[in-house]
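The values are calculated or read from the model by the stated rules, or taken from the named source; none is laboratory data. As the structure is a computational prediction, the values presented were derived from the model and not from experiment. Please note: Cβ atoms are built from the backbone with ideal geometry, for glycine as well, and neighbour counts cover all protein chains shown. In case anyone asks, the SASA skips ligands and DNA or RNA and just uses the protein heavy atoms, side chains included. Shrake-Rupley method; radii C 1.70, N 1.55, O 1.52, S 1.80 Å.
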Amino acid sequence: MSKFWSPLAASLVPYVPGEQPKDKKYIKLNTNENPYPPSPNVLEAIKAAANEDLRLYPDPTCGELSSVVADYFGLTSSQVFLGNGSDEVLSFAFAAFFNPAKPVLFADITYSFYKVYAEFYGLKADLIPLDEQLRMPLDLFNRENGGIVIPNPNAPTAMLIPVDEFRALLEQNADQVVIIDEAYIDFGGESAAKLVNEYPNVLVVQTLSKSRSLAGLRVGWALGSEELIDGLNRVKNSFNSYTIDRLALAGAIAAIQDEAYFQETAAKVNATRDAVAAELESIGFEVTDSKANFVFISHPTVDAEAIFLQLREQGILVRYFKQPRIDRYLRVTIGTDEEMEAFLQAVRGIVAL
């Protein structure tokens, strides 16, 4: 605590990302990164863009990238907003759309940055409890609110809601913005992008960090009605008009255009995920039905924190959330087949003790 901090800075409880230790080489299965490299086309595009034009500001409208994203989803550029990673897009959305006079709704077990955003923008949060099977009860979101945010698949549970199940929610909350956060949608789900032209109150948020192997590039987007996109641009242009740099723009365009590479690597991750889930179940673990690039697991007799600590000692990092309702669980990112075999070998030894 510093005397120089504002009351806001002093009151915040920041988001805590997965640990990135430097003391030795680890198998990192704790931050939901893609185990495969970006498309070679991405690397070539970034190299080509690293030229003397870096002295110039990037396009503040991200015009070319907006057109590429719009074409990909069958929308118009005026229905696309680009940001410095989906976290920035979500932050702008909380500022642009959520009514501080009414509570914003999100689940009690979900992406923990939502609570941070709500506190930062002075919003009251009303937490909707997941059911006993950790499923998202959409019917409980039909209450007074100033906005709704739901990740699909949810994090950290990895469970998916079929996209058409959002229709009733959108209709029953026609005067509020409903954000569907699709950071992991490419690993087994159907995007709600198809709802954008039907519902003016839906905002679909995605990222290149996961399925396109570009967590280090920081590009995300929102898809929504022109009215919503205009609201996001008003917030962005009151904060920083140049949120995406020239290299990121070039790499993002190349990533979206290399559909074959994207489909190939996503399929590899999915196949490994399903094989790992089956093996974990065979040695006694409970595994949620994952449609993400991670699995959410618990063991009926071996403490999750003990498994987490023993794996760390063996050079394998997974994510443990020491919070009510999920302190029995571990979130395990899907790595390469070799990395996952090392994880499985280690965990077999731990639960057999």
>> Need the failing condition index for residue 322 against (1) within 20 Å of residue 19 (Cβ to Cβ); (2) under 18 Å from the mean Cα position of the chain (by Cα), just the number.
In response: (2)
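Here's the yes/no breakdown for (1) farther than 16 Å from residue 209 by Cα; (2) open to solvent by 40 Å² or more (accessible area, probe 1.4 Å):
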site	(1), (2)
254	no, no
283	yes, yes
289	yes, yes
307	yes, no
313	yes, yes
316	yes, no
319	yes, no
350	yes, no
>> Given (1) of a type outside the set (Phe, Trp, Tyr); (2) touching a strand residue (DSSP E or B) at 6+ places or on another chain (Cβ under 9 Å); (3) modelled with pLDDT of 95 or more, identify the lone condition not met by residue 216.
In response: (2)
>> Just to check your reading of the model, which residue among 348, 312, 325, 331 is in contact with a Lys or Arg (Cβ under 8 Å, 6 or more places away or on another chain) and not hydrophobic (A, V, I, L, M, F, W, C)?
In response: 331
> Where in the range 238-353 are there helices (runs of 4 or more DSSP H), lying fully within it, with 1 or more residues that are aromatic (Phe, Trp, Tyr)?
Replying inline: 259-282, 304-313, 337-352
> Looking only at residues in the range 168-190 that are part of a helix (DSSP H, G or I) and open to solvent by 60 Å² or more (accessible area, probe 1.4 Å), which one is farthest from residue 72 (Cα to Cα)?
Replying inline: 172
> Listed residues 65, 75; which is open to solvent by 10 Å² or more (accessible area, probe 1.4 Å) and either in a strand (DSSP E or B) or touching a Leu at 6+ places or on another chain (Cβ under 8 Å) (or both)?
Replying inline: 75
> Which of the residues that make up the range 115-165 are touching a residue at least 40 places away in the same chain (Cβ under 8 Å), outside any helix (DSSP H, G or I) and of a type in the set (A, V, I, L, M)?
Replying inline: 130, 134, 148, 149, 150, 155, 158, 159, 160
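Condition check ((1) within 26 Å of residue 144 (Cα to Cα); (2) touching a residue at least 40 places away in the same chain (Cβ under 8 Å)) across all residues:
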{"residue": "173", "(1), (2)": "yes, no"}
{"residue": "178", "(1), (2)": "yes, no"}
{"residue": "186", "(1), (2)": "no, yes"}
{"residue": "189", "(1), (2)": "no, yes"}
{"residue": "193", "(1), (2)": "yes, yes"}
{"residue": "197", "(1), (2)": "yes, yes"}
{"residue": "201", "(1), (2)": "yes, no"}
{"residue": "211", "(1), (2)": "no, yes"}
{"residue": "228", "(1), (2)": "yes, yes"}
>> Within the range 1-21, take every residue that is part of a loop (DSSP other than H, G, I, E, B) and polar (S, T, N, Q) and give me the one that is surrounded by the most Cβ atoms within 10 Å (Cβ to Cβ).
In response: 20
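To keep it simple, each residue is scored yes or no on (1) buried (at least 19 other Cβ atoms within 10 Å of the Cβ); (2) touching a Ser or Thr at 6+ places or on another chain (Cβ under 8 Å).
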{"position": "85", "(1), (2)": "yes, yes"}
{"position": "94", "(1), (2)": "yes, no"}
{"position": "98", "(1), (2)": "yes, no"}
{"position": "106", "(1), (2)": "yes, no"}
{"position": "112", "(1), (2)": "no, no"}
{"position": "121", "(1), (2)": "no, no"}
{"position": "130", "(1), (2)": "yes, yes"}
> Name the residues in the range 22-55 that are part of a loop (DSSP other than H, G, I, E, B) and among the polar types (S, T, N, Q), would you?
Replying inline: 30, 31, 32, 34, 39, 51
